[in-house]
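Please treat every number below as a calculation from the coordinates, not as lab data. Because the structure is predicted, anything quoted here is derived from the model rather than measured. Note: ideal-geometry Cβ built from the backbone for every residue, glycine included; neighbour counts use all protein chains shown.
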Amino acid sequence: MRFRPGKIALLATVVASYLFLYLPILHIGLASFSRNSSFPYPPKWSLDIMTRLFSNSLYQTALGNSLIIGFFSAVLSTALAGAATIGLMRHAGRRAPLFLALFVAPLFVAEVLLGISSLIFNGLFLGLQGNLVSAILANVVHCFSYALLIIATQLYRYDWRLDDAAMVFGASPARTFFEVTLPLIWPGLLGAFIVTFIMAFNNLEISFYLLGATPTLPSAAWGALRYGVKPELYALATCVNLVVFLVLLVMFVLMMTRVVTFGHRPERERSAV
Amino acid sequence: MAYITLDGVSKQYGSVWAVDRVNMAIDKQEFVSLLGPSGSGKTTLLRIIAGLETPTQGRVLIDGEDVTHLPPHRRGVAMVFQEFLLFPHRTVYENLAFPLRMLKLQKGEIEARVDWVLGILALRGLEKRYPNQLSGGQQQRVALGRGLVGRPKVLLLDEPLANLDRELRQEMEVEIRRHQTALGIPFIYVTHNQEEALSMSDRIAVVRGGRIEDFASRTDVYDRPKTAFIAQFVGRSNRFEGIVALAGEGIAVRGEGVLIETGPREGIADAAQVAAYVKNEKVRLRPAEPGAGAAANALPATVKHVILRGAYAEYVMSWAGGELVASRPRREAEFKEGAEVVGFWEKGDVDLFPAPGEMP
């Protein structure tokens, strides 16, 4: 039983898949903490590269800007996508598939083109020069589509008749949303917020066109390439990965402790229906 | 002046009229049931009164005020839903306090009223539980309590007992009616279950295809069905078809192997095709007498099954034209399966309706 060939093949496939996914990241992580960064095997541990990165003020500014873009893009796109999803599910009726298709279409536009179009449009009609606001607006376009898909999978399980009940018992539509709807759907909104934050934080193509001279982490890394792959870039990649994995870890812990249930309705919701 | 008035209320979905020109006047102390098969529009009608749907045409008046275009939260109504729809993230106490908080009552008043409702519905001790920690019956009581606690102008109940088992349902029927009498507010109760409607209501509106087929006292609906649909839908009946032969004062209906006589009826023409209904409990039984000739309102039959229903026995019999069912008290003479009997009934127990193109 224990050595069934099928089981071994399955295990090997899983291991190979994970190696494929994580080896490059592990390599960079190892390199950024060792003295011989170009070929860190066996590694000689050192914090030199990290120190160099953190003493470089360009990267600090870039990190700040990336955080700003990530946060505000995530807030805006989650709020808009939440409203759009509720509209789709409650009021769109038979035309819902059409509206949905139009909402997610930006996903299929190349990000570079999205960046260029936004640059031209924002400059021409909104009077926005290349700056953070312009970059945030452009990032919201595709983040919105992602957020909509994430929130829709969550809200699909929500029983809208709970809203009917709240309204019959005297709650105005706004009150109904804050007293009943929001407390039950916030895990979906949080999921969308986290994913869109990471997307906007990591984005190069869109931000690049709209930022002008303002650096973000990806654009600073891209710019640094002109002078060759410097060890600072190793450290930078590791830091970005750490931030992203930290966010995912928080999400994972929330799921495991059942504070938040992504994709599942909590027990006490399900049995009430 | 009626307390609740529906004036020509209609609701159109696409090309379908889910509710079709409904007029109703309901008094303040009344318990009214909307009884009809699923898809008859009774729930839509209830949701129109609640304000969850807007009628395509017509007006809704509650306590003299035209509320047709008022949103649900400003109508002062309350509702008990079939699926309970308790707020899953709120405790029993918070669920019950919800309508009171929306009324912006003082904290002390809210506590007093929730305590009152916990008391009358025997929910004390469950205040801190969440809905998923309650049994179906307890959830149902909380749902009912949430409907009563705000002392609404009218309580709307949408098949509230459909998800409960039979025993619990009968208990709740008594309880619901008791609270209605105590509070003195109208209850409008939607159900497809005739037993529920008959056990609780003052008046029953039979709904069919979006229209009110009849709106009358429960005894009238049961004993004097106005249409063939009501005769079929309310109570359990034996149906016979035949041709009318007017005979002096009364009417004789000649069917295949059966002769039915009734008193005079209006609107029944000579030689018309009709359907006659006799309720199961109106069919009496006697042993067959060999050699006796055919008589009116008497049908020779063979007992096939005897179903015991506690105080009653249901005899399922076969006769030349099909099946005959009689429901008799147990204290009467009992017949065994296979017995030859005669099922008979009184002239006055026959309901007669024109048959062609009427029944679905």
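Points worth noting:
- Cα-based shape type of the stretch B:63-186, given that a ≥ b ≥ c are square roots of the gyration tensor eigenvalues and the cut on a/c is 1.5: oblate
- q = 0.15, 0.21 Å⁻¹: log10 I(q)/I(0) that the Debye formula gives for the stretch A:125-210, counting C-alpha atoms only: -0.69, -0.92
- Between the stretch B:245-288 and the stretch A:44-82, the alpha-carbon center distance in angstrom: 90 Å
- Angle in degrees between helix A:182-202 and the longest Cα principal axis of chain A, rounded to the nearest 10: 30 degrees
- Taking B:LYS347, A:LYS44 and counting other C-beta atoms within 10 Å, the order from fewest to most: A:LYS44, B:LYS347
- Using every pair of distinct Cα positions in the stretch B:237-360, the Kirkwood expression returns a hydrodynamic radius of 15.0 angstrom.
- Debye, to nearest 20: dipole size of the stretch A:57-228, +1 on Lys, Arg Cβ, -1 on Asp, Glu Cβ: 180 debye
- Averaging 1/r over each pair of different alpha-carbon atoms in the stretch B:121-223 and inverting the result gives 14.9 Å, the Kirkwood hydrodynamic radius.
- For the stretch A:1-114: relative contact order, % (alpha-carbon pairs under 8 angstrom, 6 or more apart): 10 percent
- Extension gain, B:ARG286 to B:THR227: 0.36 nm times the residue separation minus the Cα-Cα distance gives 18.2 nm.
- Using just its DSSP H runs of length 4 or more, each adding -39500 (n - 2.57), chain A gives a mean residue ellipticity at 222 nm of -23500 deg cm²/dmol after division by all residues.
- Each Lys and Arg contributes +1 and each Asp and Glu -1, all at the Cβ; summed about the Cα centre of the protein assembly as shown, the dipole is approximately 2320 debye.
- Overall size of the protein assembly as shown from C-alpha positions, given as principal axis extents largest first: 118, 70, 52 Å.
- On the beta carbon distance between A:MET255 and A:LEU80, with R0 = 25 Å, the FRET formula returns roughly 0.50.
- If a spin label sat at a point 7 angstrom from the Cα of B:VAL306 along the line to its beta carbon, the backbone N atoms of the stretch B:245-286 nearer than 20 Å would be those of B:280-286.
- Within the same chain, aspartates and glutamates fewer than 8 places from B:LYS42 are excluded, and of the rest, those with a Cα less than 16 Å from its Cα are B:ASP7, B:ASP20, B:GLU53, B:ASP158, B:GLU159, B:GLU196, B:GLU213, B:ASP214.
- Cross-link reach list, aspartates and glutamates versus B:LYS28, counting only Cα pairs under 15 Å and skipping chain neighbours closer than eight places: B:ASP63, B:GLU65, B:ASP202
- Reachable aspartates and glutamates from B:LYS336, criterion Cα separation under 20 angstrom, eight or more residues apart if same chain: B:GLU281, B:GLU289, B:GLU314, B:GLU323
- Unit charges at the beta carbon, dipole of the stretch B:207-247: most positive-side option, B:ILE212, B:VAL244, B:PRO225: B:ILE212
- With N as its number of residues, chain B has a Cα radius of gyration that, divided by 2.2 N^0.38 Å, comes to 1.19.
- Inter-part distance, the stretch B:325-347 to the stretch A:177-208, computed on C-alpha centroids, equals 72 Å.
- Cα pair count fraction exceeding 17 Å, expressed as % - the stretch B:163-260: 63 percent
- When Rg and Dmax are taken over the Cα atoms of the stretch A:57-228, they come to 18.5, 67 Å.
- Positive-end residue, the stretch A:57-228 charge dipole about Cα centroid, Cβ charges, pick of A:PHE144, A:SER219, A:SER66: A:PHE144
- Working note: Karplus 6.51/-1.76/1.60 with θ = phi - 60° gives the stretch A:35-43 the couplings 6, 8, 5, 6, 8, x, 10, x, x Hz, where Gly and Pro are set to x.
- Relative to the longest principal axis of the Cα atoms of chain A, the long axis of helix A:132-155 lies at roughly 50 degrees.
- Relative contact order, percent, chain A [alpha-carbon distance under 8 Å, six or more residues apart]: 28 percent
- With each label modelled as a point 7 angstrom along the Cα→C-beta vector, the A:VAL229-A:ARG161 pair spans 5.9 nm.
- Separation of the B:ARG236 and B:GLU266 label points, Cα + 7 Å toward Cβ, nm: 3.4 nm
- The protein assembly as shown: antiparallel DSSP beta bridges as a percent of all, rounded to 5: 80 percent
- In this rough spin-label picture, where each label sits 7 Å from Cα along the Cβ direction, the B:LEU70-A:PHE125 distance is 4.5 nm.
- Residues of the stretch B:119-159 with amide N under 15 Å of a point placed 7 Å along Cα→Cβ from B:ALA112: B:150-151
- Degrees, to the nearest 10: B:92-102 long Cα axis against longest axis of chain B: 70 degrees
- For chain B, calculated [θ]222 nm from helices alone, where every DSSP H run of n ≥ 4 adds -39500 (n - 2.57): -7000 deg cm²/dmol
- Scattering profile of the stretch B:1-75 at q = 0.15, 0.21 Å⁻¹ [log10 I(q)/I(0), Debye over alpha-carbon scatterers]: -0.47, -0.93
- Relative contact order computed over chain B (Cα-Cα under 8 Å; 6+ residues apart), in percent: 15 percent
- Label point of B:GLN12 set 7 angstrom out along Cα-Cβ; within the stretch B:53-72, amide nitrogens under 12 Å from it belong to B:56-58.
- Using the Cβ-Cβ distance between A:ILE8 and A:ALA96 with R0 set to 45 Å, the FRET efficiency from 1/(1 + (r/R0)^6) comes to roughly 0.45.
- Going from the residue with the fewest nearby Cβ atoms within 10 Å to the one with the most, B:MET200, A:MET50 rank A:MET50, B:MET200.
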